[in-house]
1. Could you list, in sequence order, all residues of the range 186-203 that are within 21 Å of the chain's Cα centre (by Cα) and crowded, with 20+ Cβ neighbours inside 10 Å?
2. Inspect the range 232-253 for any residue being modelled with pLDDT of 90 or more, closer than 19 Å to Ile179 by Cα, within 30 Å of the chain's Cα centre (by Cα) and not hydroxyl-bearing (Ser, Thr, Tyr) and give the result as yes or no.
3. Only one residue in Asp166, Asp220 is exposed (fewer than 13 other Cβ atoms within 10 Å of the Cβ) and of a type in the set (Asp, Glu). Which one?
4. Please give the number of the condition Ala103 fails out of (1) in contact with a helix residue (DSSP H, G or I) (Cβ under 9 Å, 6 or more places away or on another chain); (2) assigned to a strand (DSSP E or B); (3) touching a residue at least 40 places away in the same chain (Cβ under 8 Å).
5. If you go through the range 173-187 one residue at a time, do you hit one that is aromatic (Phe, Trp, Tyr) and over 25 Å from Met99 (Cβ atoms)?
6. Suppose we filter Glu257, Glu229 for residues that are surrounded by 12 or more Cβ atoms within 10 Å (Cβ to Cβ) and either β-branched (Val, Ile, Thr) or modelled with pLDDT of 90 or more (or both); which single one remains?
7. Just for the range 120-141: of the residues that are part of a loop (DSSP other than H, G, I, E, B) and among the charged types (D, E, K, R), which one is surrounded by the fewest Cβ atoms within 10 Å (Cβ to Cβ)?
8. Quick one: which of Ile171, Ile117, Ile144 is surrounded by 13 or more Cβ atoms within 10 Å (Cβ to Cβ), assigned by TED's automatic domain parsing to the domain that holds Ser192 and modelled with pLDDT of 95 or more?
Amino acid sequence: MVEKTHSYSYGEHDPPVENVENKERKSMKKKFVLILLFLFSSLSMLLFLRSPYFTIQEISIKGLDKVSSDEIRAVTGLREGMNIWKISSPEIRERVASMPRVAEVQVERSLPGGIIIAIKEKYPVAMAPYHGSYLELSSDGLIIGMNDAYKGEFPLINGLSWGRMDVGMSIPDRSRGEIVEIFLESLTNSPSLPLAEINVNDPQQIIAYTWEGMEVWLGDKEDLPEKLEVLQQLHQYILSEEENKFQQGYLDIRAVEAPVFIPITK
């Protein structure tokens, strides 16, 4: 049996070289056109975003009380006439949040030409005498302001060791600062806490005074939040009794589980 053989010549059925080159040229042209369209679209979009249509016309700052709009503008560097897309909202938010009196801040664009900054301020919950003035302390232990006079509207903190204390700082003496921060947090959580004065001169023997003038011994900072809770509960009871009777003595809450009233003997 004779086997049939097939002969094949390379390139016999291949497309002509010219056709292949034409297809390659057409493909390159398509790619080039697409690239040009992409570049044109990008350039058009860039020019559109940088057009006067997106120039900042209004900067709205909401929630101001103690902080002024001029302070906000100075910190952020914002001004009318800037391009709105060159503004970084996270960066503006970070700058405003660094201000001592600012607790929270939100920044958003109001297209085409508005910037809205909404802030929530911190407020003092206690004050501390300092070189003839009074420092305002917020609930997080930060010094947020300074007053020339004390009108008795907040608890007064005495006994802080002298050192450099300025707006934007926390109390540098940490042994006393940590105690003060516990008081500030408790005052924030319980605004009715009857504290008129707090003395932290001796961190091992903290002394407080109620608005009625009763002296309260609190010992050291151990279980201090619980001691203040006991004070609040006992104060409600004390107000229902003869007031003078309890003013002429000391309330000892050094042991939180065994508070005791010690009258002054004459």
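The values are calculated or read from the model by the stated rules, or taken from the named source; none is laboratory data. Keep in mind that what you see is a predicted model, and the values were worked out from it rather than measured. Reconstructed Cβ throughout: ideal geometry from the backbone, glycine too, with neighbour counts over all protein chains shown.
1. If the condition is that a residue be within 21 Å of the chain's Cα centre (by Cα) and crowded, with 20+ Cβ neighbours inside 10 Å, then Ser186, Leu187 are the ones that fit.
2. Scanning the range 232-253 turns up at least one residue that is modelled with pLDDT of 90 or more, closer than 19 Å to Ile179 by Cα, within 30 Å of the chain's Cα centre (by Cα) and not hydroxyl-bearing (Ser, Thr, Tyr).
3. Asp166
4. (3)
5. For the range 173-187, residues aromatic (Phe, Trp, Tyr) and over 25 Å from Met99 (Cβ atoms): absent.
6. On the way: Glu257 fails: surrounded by 12 or more Cβ atoms within 10 Å (Cβ to Cβ).
Unique residue meeting the criteria: Glu229.
7. Asp140
8. Ile144
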